[in-house]
Amino acid sequence: MELQGHKTPPQLLEIWRRHHAPTKNVNNQFQQGLSPLDKLAAAITSKVGSMGFFFIILAWTILWCGYNILASEVPALHWKAFDPFPAFVAYLLMSNVIQILLMPLIMVGQEVQGRHSEMRAENDFEINQKAEQEVEMLLYQLQYQQHLLLALAQTQGLKMQELIQQVEAAIGPPPAPKPVQKD
C-alpha cells in the first residue's frame with residue numbers, strides 16, 4: 001500500500017517475527033532429548049522417591065531384623081536365623097539402618113521439590129507466552145497507528161521527511177534498540 005507517493009513504512013510486526021523465533025517449551029525439548037537410560041533413571045527415581053517406597057523399606061527392615069532377632073533369641077520357635085544375632089545384624093542395624101531409612105526420605109523431598117520447581121517453570125513459561133502475545137499485539141497496534149499518522153500527515157499536505165525532521169527536532173531521534181544479553 002502506498003500513501004501519496006510514499007512507500008508504506010516497514011511492517012514492524014513482520015520484521016519482528018522474522019528476527020524472533022517463537023517461544024519453545026523447554027520441558028518438551030528436555031523430554032525429547034532424554035535417552036532411554038535417562039528415562040529409565042527418571043522413572044526409577046520417581047518411584048524410589050515416594051512415601052510408598054519408604055514404607056516398603058521400613059517394613060522390610062523391621063521384618064528382617066525382627067525375624068533374625070526372634071530366631072536367635074527365642075529357641076522355642078525353632079526358626080533358623082539366616083543372619084544370627086548379634087553378628088552382622090547388630091552392626092548393620094546400628095550403622096546403616098538410619099542411612100537406609102533416610103535415603104528414601106531424602107529422595108521423597110527431592111521429588112517434591114522437583115515437582116514444585118517444575119510447576120513454577122511451567123507457570124513462568126505460560127506467563128512468558130502471554131507477555132509475548134501482548135508485546136506482539138502492541139507492535140501491531142503501533143504499526144496501525146503509524147499508518148494512520150502517515151495518512152493523516154499526507155492529508156494535511158505534510159511531506160514525510162519534513163514531518164520526521166519536526167518530530168526529531170522536538171523530541172530527538174528514536175533510541176537504538178539494545179542488544180539482548182544472554183547469560
Qualifying residues in region 134-175 (those that are part of a loop (DSSP other than H, G, I, E, B) and within 47 Å of the chain's Cα centre (by Cα)) - the one surrounded by the fewest Cβ atoms within 10 Å (Cβ to Cβ): Pro175
Pro104 being surrounded by 10 or more Cβ atoms within 10 Å (Cβ to Cβ) and either in contact (Cβ under 8 Å) with a residue 40 or more places away in the chain or farther than 30 Å from Asn68 by Cα (or both): yes
Among the residues listed as Gln32, Gln113, the single one being of a type in the set (S, T, N, Q) and either closer than 30 Å to Gln143 by Cα or at pLDDT 80 or above (or both): Gln32
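The values are calculated or read from the model by the stated rules, or taken from the named source; none is laboratory data. Keep in mind the model is a prediction, meaning the values are calculated, not measured. Backbone-built Cβ (ideal geometry, glycine too); neighbour counts: all protein chains shown.
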